[in-house]
Amino acid sequence: MNFHIVVLAGDGIGPEICEESKKVLNRVGEVFGHKFEYEAQDAGGIAIDKYDNPLPDHTLKACLASQAVLKAPMGGPQWDKIENKKRPEAGILGLRKGLDLYANLRPVKLFDALKEASTLKPEIIDGVNMLIVRELISGIYFGEPRGIHGEGKDRYGVNTEIYRAPEVERIVKLSCELARLRRKKVTSVDKFNVLESSRLWHDVAEETARKFSDVAFEHQIVDNAAMQLILNPKQFDVLVTTNMFGDILSDEASMLTGSLGMLPSASIGGKVGLFEPSHGSAPDIAGTGKANPLAMILSVGMMLQYGFKLLKETQAVETAVEKVLNNGLRTADIVKKGGKTVSCAEMGDAVVTAIGN
Ligand code: IPM
Ligand code: MN
């Protein structure tokens, strides 16, 4: 089959890890008989430099006309002084909203070979396999009113956390459906004991989950969930939560796998899905060859799975990553003290070689 993919190569380490993930995708095409066509577009910092806009109209249009968007991390210190509305992050949020991607799936799975790369004890993280489902286009990230007002010492900043019942219902429904394909457990995380928006989340989540009698459903309050994630991470199967809590808890959970450099993500819900690593653009190591391309390569795996429904191909990517890790290949972020590291490109090449072999 033929697939048309818009590639947003991003900033910092973005272009390097993007190159590796395209190599892997091309190899999947060769082995399984697909053709992946890439259309490069600009968003984020590079688009600010070229067009004074982190998400130009033509970029969003091209994304909407594609079959999937492969996105690398965006942003960097050179754009830090710009007002929020024009920052690279605004481009990312605009993309999510523009493509109607209400669900962000962040699988947190420990590769056996990386047990020692985590700062947590091996017996705690052994067998960790959870899916964080983060609401992506509402909550405090998008709520109005927002802004900075006033002068001098009277200045104040305001943001609004808002959830509407249908927004909670659709993401909890999706989480229950995804849980059915896994261990059939959903944990909904909120702060209902303090926040009204969370009280609504709590109640609607419960009403929605009740319709899935074969799925075990529970609530956790976010501070407790943060603690449980490192106390006993194996208890989680699907963890569904709000935009901001999901942002925070997924960074925390990534450390169960050894590195944020291992965490892929899929954003779905609209017509066209977007696939990106969960980590940032790491400008400090850009161009040094030190970047870990695996989160982006695993995001390609998620594109094959959720974007194109190519399950054998997804499996091939995941198995290849597992193989190279079992063979001892490590980028700088997951290497043991004194161990040998490979470069970003060497890691990418190793995954390519492992596919179909
Ligand atoms: C993420 C990132 C983004 C977010 C930033 C870059 C806007 O941290 O995808 O987790 O906060 O959603
Ligand atoms: Mn984040």
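The values are calculated or read from the model by the stated rules, or taken from the named source; none is laboratory data. Predicted model, so just to flag it, every value in this text is computed and none were measured. Because the Cβ atoms are built from the backbone with ideal geometry, glycine has one as well, and the counts that use them run over all protein chains shown. When the accessible area is computed, the model is the full protein with side chains, heavy atoms only, and any ligands, DNA or RNA have been set aside. Shrake-Rupley method; radii C 1.70, N 1.55, O 1.52, S 1.80 Å.
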Give the residues of the range 141-190 that are over 19 Å from Met244 (Cβ atoms), of a type in the set (D, E, K, R) and touching a His at 6+ places or on another chain (Cβ under 9 Å), sorted by residue number. Arg155
Please state which one of Ala295, Ala286 is within 22 Å of Leu8 (Cβ to Cβ), within 14 Å of ligand 1 (Cβ to nearest atom) and not assigned by TED's automatic domain parsing to the domain that holds Glu177. Ala295
Output the residue which, of all residues in the range 230-239 that are touching a strand residue (DSSP E or B) at 6+ places or on another chain (Cβ under 9 Å) and either at pLDDT below 95 or more than 16 Å from ligand 1 (Cβ to nearest atom) (or both), is nearest to Leu136 (Cα to Cα). Val238
Among the numbered criteria (1) surrounded by fewer than 23 Cβ atoms within 10 Å (Cβ to Cβ); (2) of a type in the set (D, E, K, R); (3) within 15 Å of ligand 1 (Cβ to nearest atom), which one does Glu276 miss? (1)
When the residues of the range 226-240 are filtered to those that are part of a helix (DSSP H, G or I) and within 16 Å of ligand 2 (Cβ to nearest atom), which remaining residue is most open to solvent (accessible area, probe 1.4 Å)? Ala226
Would you mention how many residues in the range 344-354 are open to solvent by 20 Å² or more (accessible area, probe 1.4 Å) and in contact (Cβ under 8 Å) with a residue 40 or more places away in the chain? 3
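The rows are residues; the columns are (1) within 12 Å of ligand 1 (Cβ to nearest atom); (2) within 28 Å of His149 (Cα to Cα); (3) part of a helix (DSSP H, G or I).
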site	(1), (2), (3)
Leu60	no, no, yes
Cys63	no, no, yes
Leu70	no, no, no
Pro73	yes, no, no
Lys81	no, yes, no
Lys85	no, yes, yes
Gly91	yes, yes, yes
Leu95	yes, yes, yes
Residues of the range 296-343 classified as touching a residue at least 24 places away in the same chain (Cβ under 8 Å), surrounded by 17 or more Cβ atoms within 10 Å (Cβ to Cβ), closer than 17 Å to Asn26 by Cα and not β-branched (Val, Ile, Thr), total: 14
Just give me the residues in the range 33-43 being assigned to a loop (DSSP other than H, G, I, E, B) and either out of contact with any Leu (no Cβ under 7 Å at 6 or more places or on another chain) or of a type in the set (Asp, Glu) (or both), in sequence order. Gly33, His34, Asp42
How many residues of the range 99-132 are within 16 Å of Glu276 (Cα to Cα) and open to solvent by 30 Å² or more (accessible area, probe 1.4 Å)? The answer is 3
Just to check your reading of the model, which residue among Val186, Val215, Val204, Val194 is of a type outside the set (D, E, K, R) and within 12 Å of Leu239 (Cβ to Cβ)? Val186
What number of residues in the range 241-272 are outside any helix (DSSP H, G or I) and within 16 Å of ligand 1 (Cβ to nearest atom)? 10
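Residue-wise test of (1) without any contact (Cβ under 8 Å) to a residue 24 or more places away in the chain; (2) open to solvent by less than 60 Å² (accessible area, probe 1.4 Å).
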position: Phe3; (1), (2): no, yes
position: Gly14; (1), (2): no, yes
position: Glu20; (1), (2): no, yes
position: Ala40; (1), (2): no, no
position: Asp49; (1), (2): yes, no
position: Asp52; (1), (2): no, no
position: Lys71; (1), (2): no, yes
